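Trainee: Got a structure here, written out as structure tokens. Questions coming.
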Amino acid sequence: QVQLVETGGGLVQAGGSLRLSCAASGGIFSSYTMGWFRQIPGKEREFVAAISWNGGSKIYADSVKGRFTISRDNAKNTVALQMNSLKPEDTAGYYCAATTRYLTNQNDRYNYWGQGTQVTVSS
């Protein structure tokens with residue numbers, strides 16, 4: 001069983017930056033594909049980015065390409081999401097997730113989820 005805890009959310013002005021971090025415990029972190037998703041109340045959870053077990057492959061949603069960067073540190077069991085040039089439409093709860101499957105943007109293929117951290121971007 002893997003436990004995931006996200007930190008780093010907050011309130012930021014449009015154009016600003018935030019860095020989210022997700023700490024994992026209880027499993028072999030380096031064996032998991034890690035992903036970030038986001039959700040607005042009343043809407044479906046949306047894929048943001050994912051990174052393969054060794055960091056060699058990454059995928060991004062079109063809406064965040066060029067602005068967000070996903071990275072991982074297997075020695076520290078952490079995955080990060082660097083978010084630059086934030087827009088009000090990036091406002092959402094951000095969730096870290098883990099899967100034993102290969103790189104995927106499908107949320108139903110992720111086995112473990114964190115509790116989420118709120119990101120609010122003001123205009």
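The values are calculated or read from the model by the stated rules, or taken from the named source; none is laboratory data. Quick caveat: nothing in here was measured; it's all calculated off a predicted structure. Cβ coordinates were reconstructed from backbone atoms using ideal geometry, including for glycine residues, and neighbour counts include every protein chain displayed. Heads up: the accessible areas ignore ligands, DNA and RNA and are worked out on the full protein's heavy atoms, side chains in. Shrake-Rupley method; radii C 1.70, N 1.55, O 1.52, S 1.80 Å.
Trainee: Place the peptides 99-110, 14-25 in order of packing, highest mean first, counting for every residue the other Cβ atoms within 10 Å and averaging per peptide. Let's see the in-between values first.
Mentor: Details: 99-110: 14.8, 14-25: 16.8.
Highest-to-lowest ranking by the protection proxy: 14-25, 99-110.
Trainee: Per residue, how much accessible area does the stretch 33-123 show when a 1.4 Å probe rolls over the protein heavy atoms, in square angstrom? It would help to have the intermediate numbers written out before the result.
Mentor: Details: 4590 Å² over 91 residues.
Per residue, the stretch 33-123 has an accessible area of 50 Å².
Trainee: If you don't mind, there's one more thing I want to ask. Go ahead and run the numbers for FRET between Arg67 and Gln1, Cβ-Cβ distance against an R0 of 30 Å, rounding to 0.05. Could the numbers behind the result be given before it?
Mentor: On the way: r = 33 Å, r/R0 = 1.11.
With R0 = 30 Å, the Cβ-Cβ based efficiency is 0.35.
Trainee: Sequence gap at least 6, Cα distance under 8 Å: using those rules, report the relative contact order of the stretch 40-123 to the nearest whole percent. Show your work: numbers first, answer last.
Mentor: Details: 120 pairs, mean separation 23.6, N = 84.
It comes to 28 percent, rounded to a whole number.
Trainee: Still on this structure, please answer the following. Using a simple spin-label model with points 7 Å from Cα along the Cα→Cβ vector, what separation in nm is obtained for Gln13 and Lys76?
Mentor: Inter-label distance under the simple model: 2.8 nm.
Trainee: Three principal axis extents, largest first, for the C-alpha atoms of the chain, in Å?
Mentor: 40, 28, 23
Trainee: Using +1 at the C-beta of Lys and Arg and -1 at the C-beta of Asp and Glu, which of Thr91, Ser30, Ala49 has the Cα lying farthest in the positive direction of the dipole of the stretch 25-101?
Mentor: Final value for the positive-end residue is Ser30.
Trainee: Percent of accessible area on the chain owned by carbon and sulfur, 1.4 Å probe?
Mentor: Details: 2860 of 6280 Å².
Here carbon and sulfur together make up 45 percent of the probe-accessible area.
Trainee: Could I ask something else about it? Dividing the Cα convex hull volume of the stretch 59-111 by residue count, how many Å³ per residue is that?
Mentor: Numbers: hull volume 5.5 nm³, N = 53.
It comes to 104 Å³ per residue, whole-number rounded.
Trainee: 7 Å from Cα along Cα→Cβ at both Ser123 and Thr104: what's the point-to-point distance in nm?
Mentor: 3.7
Trainee: Can you compute the charge dipole magnitude of the stretch 19-123 about its Cα centre, using +1 on each Lys and Arg Cβ and -1 on each Asp and Glu Cβ, nothing else charged? Give it in debye, rounded to the nearest 20.
Mentor: Values: 12 positive and 7 negative charges, 35 e Å.
Here the stretch 19-123 has a charge dipole of around 160 debye.
Trainee: Divide, for the stretch 1-62, the radius of gyration over alpha carbons by 2.2 N^0.38 Å, where N is the residue count. Kindly include the intermediate steps, with their values, before the conclusion.
Mentor: Details: Rg = 13.5 Å, N = 62, 2.2 N^0.38 = 10.6 Å.
Taking N as the residue count of the stretch 1-62, the ratio is 1.28.
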